[in-house]
Number of protein chains: 2
Amino acid sequence: MADNKKAVVHVRLKDGVLDPQGVTIQKALVQMGYDDILAVRSGRFFEMEIKADAADIDRKIDEVCSRLLANPVIEEFQVETPN
Amino acid sequence: MADNKKAVVHVRLKDGVLDPQGVTIQKALVQMGYDDILAVRSGRFFEMEIKADAADIDRKIDEVCSRLLANPVIEEFQVETPN
């Protein structure tokens with residue numbers, strides 16, 4: 001029996017979109033004394049386990065990203081399938 | 001003048017810690033017809049820009065992760081420094 005497949009999706013704000021969470025973290029770091037850290041951008045990632053016999057999985061993951069995991073207006077996503 | 005350094009930190013729940021967000025996403029995907037996706041685990045990542053002349057930066061990033069970005073009780077983190 002084949003092992004299940006894995007996929008990792010990274011979702012981040014598009015360049016130029018303000019990231020308030022990242023800005024807040026960076027300011028907090030400066031206050032904590034870590035002033036070497038000039039900027040922080042935050043993002044989310046999702047690790048998925050996929051049926052070994054799933055067909056057409058690249059297209060499905062792209063759909064899932066646009067429909068559920070990312071907001072295509074302000075976010076971009078990147079899919080990695082290690083195997 | 002040297003370019004600034006970059007670091008990427010991934011924060012995920014430790015194995016065995018329940019991930020309600022991932023469970024909810026997986027259930028939603030099944031309802032949307034994507035029943036090839038058997039499990040989803042969610043996480044956060046942070047892209048940092050660091051001063052080119054910063055000293056001892058690996059230790060500092062580890063500290064930042066444990067003190068601010070991750071909850072070491074239930075989360076683990078992984079640091080990548082591409083350059």
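Brief remarks on what is shown
- Residue selected from the range B:1-30 under the condition over 18 Å from the mean Cα position of the chain (by Cα) and farther than 23 Å from A:Ile61 by Cα, by the criterion nearest to the other protein chains (Cβ to nearest Cβ): B:Asn4
- Residue in the range A:31-38 that is assigned to a strand (DSSP E or B), surrounded by 13 or more Cβ atoms within 10 Å (Cβ to Cβ) and either more than 7 Å from every other protein chain (Cβ to nearest Cβ) or aliphatic (A, V, I, L, M) (or both) present: yes
- Within the range B:32-48, residues that are free of Cβ contacts under 8 Å to residues at least 40 places away in the same chain sit with their Cβ atoms under 6 Å from residues that are of a type in the set (Phe, Trp, Tyr) and open to solvent by less than 20 Å² (accessible area, probe 1.4 Å), at 6+ positions apart or across chains, in these pairs: B:Val40/A:Phe46; B:Ser42/A:Phe46; B:Gly43/A:Phe45; B:Phe45/A:Phe45.
- Every listed requirement among (1) touching a residue at least 60 places away in the same chain (Cβ under 8 Å); (2) in contact with a Phe, Trp or Tyr (Cβ under 8 Å, 6 or more places away or on another chain); (3) under 17 Å from B:Glu49 (Cβ atoms); (4) not hydroxyl-bearing (Ser, Thr, Tyr) is met by A:Leu13 save one, (2).
- Exclusive hit being at pLDDT below 95 and either within 29 Å of A:Glu63 (Cα to Cα) or touching a helix residue (DSSP H, G or I) at 6+ places or on another chain (Cβ under 7 Å) (or both), set B:Asp58, B:Asp53, B:Asp35: B:Asp35
- From the list B:Glu76, B:Glu63, B:Glu47, the lone residue that is more than 7 Å from every other protein chain (Cβ to nearest Cβ), among the acidic types (Asp, Glu) and assigned to a strand (DSSP E or B) is B:Glu76.
The values are calculated or read from the model by the stated rules, or taken from the named source; none is laboratory data. Values in this document were obtained by computation on a predicted structure and should not be read as measured data. When we count neighbours, we look across all protein chains shown, and the Cβ atoms used for this are built from the backbone with ideal geometry, even at glycine. Areas reflect the complete protein model, heavy atoms only, side chains present, ligands, DNA and RNA absent. Shrake-Rupley method; radii C 1.70, N 1.55, O 1.52, S 1.80 Å.
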